[in-house]
Amino acid sequence: MDEHRSGCPINLAVEVLGDKWSLVVIRDMMFGNRRHFRELLHNSEEGIASNILAARLAHLTGQGLISRTADPSHKQKVIYSLTEPAIQLVPVIAHLGAWGRRHLPVTRELAVRAELLERGGPKLWEAFMAELRELHLGIPRPKRSVSVLARLRAAYEAELARA
């Protein structure tokens, strides 16, 4: 069994997610639908190093936040998927993004998704989590609606075009 500094839920969450890269990797899987190592490596705005990415993926897999399966389209590739505990981070990430928008020097194009999530509130978060469950866990959404992921991507791309 792993040793923990304490049984405090905040401490335990920080032990799992509090390093420099874990939430960024989860963010890229959530908002960029990046599922392969190469996509995560080359499409990271922050420029994660390959050895760090490999270590974070192994850590997140070990913590049960992501899973990895063989990619049926390529023998040497794996597909990473968010697990239910990671999907349940959507409200946390929405709150972190809202806080960051208010208190840190964000860029408009990278803050627009956080703004939409904040304005959409719990109803949008639930719809996004249902969509992530469908994409990553194969659980069909209760009812088909406009893709939250597509809305977030469109808002981001519109801001990129303006910049």
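The values are calculated or read from the model by the stated rules, or taken from the named source; none is laboratory data. The structure displayed is predicted, hence computed values, not measured ones. In this analysis, Cβ positions are derived from the backbone assuming ideal geometry, glycine residues included, and neighbour counts consider all displayed protein chains. Protein only, heavy atoms only, side chains kept; ligands, DNA and RNA dropped before computing areas. Shrake-Rupley method; radii C 1.70, N 1.55, O 1.52, S 1.80 Å.
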With criteria (1) surrounded by fewer than 19 Cβ atoms within 10 Å (Cβ to Cβ); (2) out of contact with any Phe, Trp or Tyr (no Cβ under 9 Å at 6 or more places or on another chain), P91 comes up short on (2)
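So, of the residues in the stretch 139-158 that are of a type in the set (A, V, I, L, M, F, W, C) and in a loop (DSSP other than H, G, I, E, B), which turns out to be most open to solvent (accessible area, probe 1.4 Å)? Lay out the reasoning, then the answer.
Taking the stretch 139-158 first, the residues of a type in the set (A, V, I, L, M, F, W, C) are 139, 146, 148-150, 152, 154-155, 158.
Going one step further and asking which of them are in a loop (DSSP other than H, G, I, E, B), we end up with 139, 146.
Working: I139: 81, V146: 105 Å².
Applying the filter and picking the extreme gives V146.
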Here the qualifying pairs (Cβ atoms under 6 Å; residues six or more apart or on different chains; first in the stretch 16-36 and in contact (Cβ under 8 Å) with a residue 24 or more places away in the chain; second small (G, A, S) and surrounded by 18 or more Cβ atoms within 10 Å (Cβ to Cβ)) come out as I26/A86
Expected output for the stretch 85-101 (first residue without any contact (Cβ under 8 Å) to a residue 60 or more places away in the chain and within 17 Å of D28 (Cβ to Cβ), partner open to solvent by 40 Å² or more (accessible area, probe 1.4 Å) and assigned to a loop (DSSP other than H, G, I, E, B), Cβ below 7 Å, 6+ apart or cross-chain) is G100/V106
*Is there a residue being in contact with a Pro (Cβ under 6 Å, 6 or more places away or on another chain) and either modelled with pLDDT of 95 or more or within 23 Å of H136 (Cα to Cα) (or both) anywhere in the stretch 65-72?*
yes
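Of the residues that make up the stretch 117-126, is at least one farther than 28 Å from T69 by Cα, of a type in the set (D, E) and in contact (Cβ under 8 Å) with a residue 12 or more places away in the chain? Show your work before the answer.
The initial filter retains those residues of the stretch 117-126 that are farther than 28 Å from T69 by Cα, namely 117-124.
Checking which are of a type in the set (D, E) leaves us with 118.
Those left that are additionally in contact (Cβ under 8 Å) with a residue 12 or more places away in the chain: 118.
Within the stretch 117-126 (the criterion being farther than 28 Å from T69 by Cα, of a type in the set (D, E) and in contact (Cβ under 8 Å) with a residue 12 or more places away in the chain), the answer is yes, since at least one residue qualifies.
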K77 meets each of (1) under 20 Å from L149 (Cβ atoms); (2) in contact (Cβ under 8 Å) with a residue 24 or more places away in the chain with one exception, condition (1)
Over the stretch 106-137, the set of residues open to solvent by 60 Å² or more (accessible area, probe 1.4 Å) and either among the hydrophobic types (A, V, I, L, M, F, W, C) or at pLDDT 95 or above (or both) is V106, L110, E118, R119, P122, K123, E126, L135, L137
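Here is a yes/no grid of residues against (1) open to solvent by less than 50 Å² (accessible area, probe 1.4 Å); (2) under 13 Å from the mean Cα position of the chain (by Cα):
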{"residue": "P9", "(1), (2)": "no, no"}
{"residue": "D28", "(1), (2)": "yes, yes"}
{"residue": "I52", "(1), (2)": "no, no"}
{"residue": "G64", "(1), (2)": "yes, no"}
{"residue": "D71", "(1), (2)": "yes, no"}
Condition set within 13 Å of the chain's Cα centre (by Cα) and crowded, with 17+ Cβ neighbours inside 10 Å, scope the stretch 32-50, selection modelled with the lowest pLDDT: answer is S44
